[in-house]
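Notes follow the structure.
The values are calculated or read from the model by the stated rules, or taken from the named source; none is laboratory data. Fair warning: this is a prediction, and the values are worked out from it, not measured in the lab. Reconstructed Cβ throughout: ideal geometry from the backbone, glycine too, with neighbour counts over all protein chains shown.
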Ligand SMILES: [Zn+2]
């Protein structure tokens, strides 16, 4: 590796960063899959096999990998280990705060919608979070994510669980909608978003990943405060101006968009154009284990492919803190730290 690049990698690592668009299930590395498989399978998967599974080249390959991962997430201890390994990997990259999507809808679906299934699993996640805060100095919030194309009732079940658990667990900071945007937009979720906001939950939403700018407008219209992907906003200059004026935080995930075929290459991703237009953009990794990426490598690619300078990478790190749901005092402290990093 050229010395300049390794120096830059050190700088990226030292920058305190927040990761705001990360799915727990998508953060399970092949090595963790092996560990979990050893708990559940008579013939556990080997590391080489797990790595091969993650090198999928099409959507059915992606589905096979996803199924293998959800198949080893059986009990609370499995979720606890997955979350703990995820936090270790985040800490290694200099991530100081993460807001992590938990697919509560998928957890229910995989357990015959048993209303008692979730709490023990969440207790496992909380044990990992508390250990991570204690041992790694990394803060973490949970965002309960529903699969938009399952049904509105499913999403209501997920979001009401967030409302119910939040008083006991302030780490549950918000809600989000993932799944197939082409099959279900945001409008059907207007009432349940309002209900969640009323209960103090913050509203995120995947929008404009596989759909046009109208889907982004629809997501904004139901009160979504922070948007994931937002790739198609580039097609609508009025929308760009609105996002700039309101400084709507955007969770961009360039490598994810390349790997799923939404963007032809990292170079074609609108990250640079959004940044230059003054939008509040953040870099994120989405499902890093599945895409062979992580947050630090997104920062490095922003530099090598889109020419982000050190000062601009610093700005991206500051944006990630600003766009987080951390209290203002914590944001101010982290931004001061970011400014002092050389
Ligand atoms: Zn996502």
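Of the candidates 207, 215, the single residue that is in contact (Cβ under 8 Å) with a residue 24 or more places away in the chain and more than 14 Å from the ligand (Cβ to nearest atom) is 215. Filtered by the rule that a residue be within 19 Å of residue 229 (Cβ to Cβ) and either outside any loop (DSSP other than H, G, I, E, B) or out of contact with any strand residue (DSSP E or B) (no Cβ under 8 Å at 6 or more places or on another chain) (or both), segment 167-179 gives 174, 175, 176, 177, 178. Please determine whether any residue of segment 80-88 is in contact with a helix residue (DSSP H, G or I) (Cβ under 6 Å, 6 or more places away or on another chain) and modelled with pLDDT under 90. No, the conditions are met nowhere in segment 80-88. Among the residues of segment 240-250, none qualifies, meaning not one is in contact with a helix residue (DSSP H, G or I) (Cβ under 8 Å, 6 or more places away or on another chain), over 27 Å from residue 264 (Cβ atoms) and crowded, with 20+ Cβ neighbours inside 10 Å. Residues in segment 97-120 that are within 30 Å of residue 9 (Cα to Cα) and more than 16 Å from the ligand (Cβ to nearest atom): 97 only. Taking helices (runs of 4 or more DSSP H) as the structural unit, those lying wholly within segment 226-331 and holding at least 1 residues that are away from the ligand (no atom under 15 Å from the Cβ) and touching a residue at least 12 places away in the same chain (Cβ under 8 Å) correspond to 237-246, 271-276, 295-306, 310-322.
Of the residues making up segment 106-117, just one is surrounded by fewer than 17 Cβ atoms within 10 Å (Cβ to Cβ) and in a helix (DSSP H, G or I), namely 109.
Scanning segment 118-156 for residues that are without any contact (Cβ under 8 Å) to a residue 24 or more places away in the chain, over 16 Å from residue 169 (Cβ atoms) and surrounded by 14 or more Cβ atoms within 10 Å (Cβ to Cβ) yields a single hit, 151.
Can you confirm whether residue 182 is within 16 Å of the ligand (Cβ to nearest atom), surrounded by fewer than 16 Cβ atoms within 10 Å (Cβ to Cβ), over 21 Å from residue 324 (Cβ atoms) and touching a residue at least 12 places away in the same chain (Cβ under 8 Å)? Against the criterion (within 16 Å of the ligand (Cβ to nearest atom), surrounded by fewer than 16 Cβ atoms within 10 Å (Cβ to Cβ), over 21 Å from residue 324 (Cβ atoms) and touching a residue at least 12 places away in the same chain (Cβ under 8 Å)), residue 182 qualifies.
Of the helices (runs of 4 or more DSSP H) lying entirely inside segment 7-96, those carrying at least 3 residues that are within 20 Å of residue 123 (Cβ to Cβ) and away from the ligand (no atom under 16 Å from the Cβ) are 30-40, 76-92. Within segment 134-166, the residues that satisfy the criterion of being farther than 24 Å from residue 331 by Cα and not in a helix (DSSP H, G or I) are 145, 146, 147, 148, 149, 150, 151.
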